[in-house]
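The next block holds one structure in the form of structure tokens; read it before the comments.
The values are calculated or read from the model by the stated rules, or taken from the named source; none is laboratory data. This structure is a prediction, so every number in the text was calculated from the model and none was measured. Here Cβ is always computed from backbone atoms with ideal geometry, including for glycine, and neighbour counts include all displayed protein chains. Heavy atoms of the whole protein, side chains included, go into the accessibility calculation; ligands, DNA and RNA do not. Shrake-Rupley method; radii C 1.70, N 1.55, O 1.52, S 1.80 Å.
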Amino acid sequence: MDGAEMDPNPLESALMGVRACVNGQRWQQGMAQAVAGIDRCPCNKTGERQARHGKEKACQLSQYFAAIRTKKPETLLKVTADGRCSCGFAWPTCEQREHMELLDHLAECLLQQEQFIAALSTGLAMIGLHVSSAAGYCRVAKVLRQIRIKEKELQKAAAPNPRVERSIAAILKAFGPGAGQLSTVIATLIKYFVRTGLVLTGEQYRKRRMRDPFDHILQRMAHKLGLPAACRDPMVKLPLEIVYQVFSYLSADDIFRCVQVSKSWSRLINQKPAFWDDLYFHDFRRPPPIKRLAAFIRPRSQIKSLTIHEVARFDLSPDRLRIILFGLPHLKRLVLCTARENRVDDGVQLSWPKGARLSLTQLSVIGDILSKSMLTEIIEHGSDSLEALDLYTHHVARFDDLHLPKLKRLCISCKGRANLSYGPLATKPIVKATPNLEAFYIEGFPLAWNPRDQTTESPSGWPLLRLITLGSETSVPWRGRPCRFLPPFTTNIESIEILAQDTHLTHLYLFSAVTDDSEEVLHPYEHPDKFPFSTAFACLQNLKIFRCRTWVPSDLLRLFLDQSTQHQNLKVLELPVSRHIGYRSDHWSAIPDDPEELPGHPDAAFPWVTTASFASSLEHLGLYDFNYAHIGLQFGQRFSGDPFLEWLDHFPNVCAVSLYPSTWQGVCEEVAPFFGKLLAEKGQIKTVYQSILRGQDLMRLKQFAEERGKKLVHARNGDEPYGLAVFWDASGLTDWRQKGPKGIGVPSATVRYRLAS
């Protein structure tokens, strides 16, 4: 038995040898191996050397050229189906991929040897071998193009080239009557072969054959030649719902281009008004010209939501802003966002038409984009309809002359900036301008009720307030007389979050009261005989969420949360065990200092939390700055959370915990076993939030939690809002740094909590 019979795949072996010869430019050896490999193809039933067409290829060229010139693909299909040359030679037919590739390599070797007619005949044989494969049409086009290049070189050369001259004569003769110059004939043949190939490789004739790289090459050739058959519209073959889903992920710059592709695309994009309800401008390659922007917006006045992800690339100017505000009368939601400096000039006004009003229900300005005067001007003209206002900038609007009766959510944030140079933010005009506010979030500003007036006027307002969050960088001026800076609580309050580590701010807001007959600010420790204990905290019966980052005496916390626990409404409780950052206010001399000794067992620090009324209602429990390594542990251990694990047994309904251990030296290396023990032993805990784990410890524990059907979340020091997530979800806001469609919102970590109700 010879080697050929022993080879399980002779074509693949031959193909590997031919590829090596072609890569090494051994053209003669490659031709011999390609011919030998074709003889070993299974389509050769005899197993002997196949018959070859004679060296005279004129009959084959004439037959194919005549079929192509009819411009009817069916004619070429008939020629290949017959399988016989006009001289009577029977061409083989085969669907083996290796057979086609061997012929292609053979044609390449012949072309490099300047045997142009033989290479062209091999390309035509590839078409006859499998008429619905694009490889033959690509090979024929390449050979014809090479002949045209050689013909141009021949005209410039002094010495003749017999091979090129014979090839030119054979092509002109096979083309038949009407043959003009060679360049014209070859250009016509290339165009005809590519156009016919596009039709015969289409779905109608391809049957089950998968597309290959030659299909894409043929498509590019058709585009280069400007053939109408190359303009295949993919949207025609897709359902309309899928088309709109695809368009919804495009940026506005791409939408501009799509509208200009064709009339059918323009009609497709414009015919459904719902597509324009929510427009997302993102990542402009270049800012659209003013005229182009106006022409785009004018017929699309039905746009209801507009998001400009990066106004610096949009090149926002007063003229562009005027086009957006005045050209979109039905605009309900406007989000302007930037990560760089892109302020509109202070001295420019928008020149509002007489009686013009905006229909905005949500305005979000993230970054230093608009000047204070221009921002106030926009809010004033939308005051009748605004329900949500998000200002993540230190250019806060002037609320003195504003009245926003429908505003429900107000977010003011300038996190990470030094705002002390601007003075305290006056809360009195904010409260007066927003009488029906339901959610308030403030971050990064020092607060004062009325900085210009040193009298202790009693704040009033916000009877509907449900959620309030004072961010981690919020503060109050602690010089001068103590004065409340926000209205007192009402029975509607559901969430209170004091994320700032500021004793003065915490006690001013939570534990102070103002009597009717006195302007003096009262505190339970300073004025135990005057403080209205019976009424001060009675309104907190509906409180569901309470988070506090500042250390507060335990008896004050029990007094503050007593009403909500009696009604069993408190669901979320997060407290600090010890505060190591902040300062002591001199106004509250009777308040004890932070404990110098490390706190003991949680039962001793918060004995009232484990009572039946507290324990049965809680669903989420959190601790800040805790470490119980000093309680009966071995020498050298620097962190322990075992007392907290024991404490959890008192809370049967707690399914989520937030744990932020202190970051004292050596603690970070010893917290991983504690979290592993928590995930393994406490089956009722399904979600754990933390910020201390990093790297491989975090990855391993995440996988450990997933294996047990739990979730380990890496939060950012616990300073994201909790209850405010209800309002983020209602307005569709997400992390503004995500590059997804129609998603923009808070310039911080994605909100991680959901209100239990």
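Annotations
- The range 65-94 - residue that is open to solvent by 40 Å² or more (accessible area, probe 1.4 Å) and touching a residue at least 60 places away in the same chain (Cβ under 8 Å) and, of those, nearest to Cys43 (Cα to Cα): Leu77
- Whichever residue in the range 546-578 is charged (D, E, K, R) and within 24 Å of Leu522 (Cα to Cα) and, among such residues, is modelled with the highest pLDDT: Arg547
- Checking every residue in the range 84-100 against the condition of being aromatic (Phe, Trp, Tyr) and not in a helix (DSSP H, G or I) gives at least one match.
- Considering the range 357-414, the residues that are open to solvent by 30 Å² or more (accessible area, probe 1.4 Å) and outside any loop (DSSP other than H, G, I, E, B) include one that is farthest from Phe326 (Cα to Cα), namely Lys372.
- Top-ranked residue of the range 320-356 - restricted to ones that are more than 29 Å from the chain's Cα centre (by Cα) and open to solvent by less than 30 Å² (accessible area, probe 1.4 Å), ranked as modelled with the lowest pLDDT: Leu350
Table: residues versus (1) within 25 Å of Glu74 (Cα to Cα); (2) touching a strand residue (DSSP E or B) at 6+ places or on another chain (Cβ under 7 Å); (3) of a type in the set (D, E, K, R).
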site: Arg163; (1), (2), (3): no, no, yes
site: Ala169; (1), (2), (3): no, no, no
site: Gly176; (1), (2), (3): yes, no, no
site: Val185; (1), (2), (3): yes, no, no
site: Lys191; (1), (2), (3): yes, no, yes
site: Val199; (1), (2), (3): yes, no, no
site: Leu218; (1), (2), (3): yes, no, no
site: Ala222; (1), (2), (3): yes, no, no
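- Qualifying residue in the range 266-288 (condition: surrounded by fewer than 18 Cβ atoms within 10 Å (Cβ to Cβ), over 30 Å from Leu77 (Cα atoms), in contact with a Pro (Cβ under 8 Å, 6 or more places away or on another chain) and at pLDDT below 75): no
- Qualifying residue in the range 118-129 (condition: among the β-branched types (Val, Ile, Thr) and open to solvent by less than 20 Å² (accessible area, probe 1.4 Å)): yes
- Subset of the range 506-522 (residues that are open to solvent by less than 30 Å² (accessible area, probe 1.4 Å), part of a loop (DSSP other than H, G, I, E, B) and at pLDDT below 75): Ser512
- In the range 483-505, residue modelled with the lowest pLDDT [restricted to those that are acidic (Asp, Glu) and in a loop (DSSP other than H, G, I, E, B)]: Asp502
- Among residues of the range 526-542 that are closer than 17 Å to Leu508 by Cβ and outside any loop (DSSP other than H, G, I, E, B), those with a Cβ under 7 angstrom from a residue that is modelled with pLDDT under 75 and not β-branched (Val, Ile, Thr), sequence gap 6+ or separate chain, pair up as Ala536/Ala513.
- Number of residues in the range 458-482 that are at pLDDT below 75 and either open to solvent by less than 10 Å² (accessible area, probe 1.4 Å) or under 27 Å from Gln563 (Cβ atoms) (or both) equals 4.
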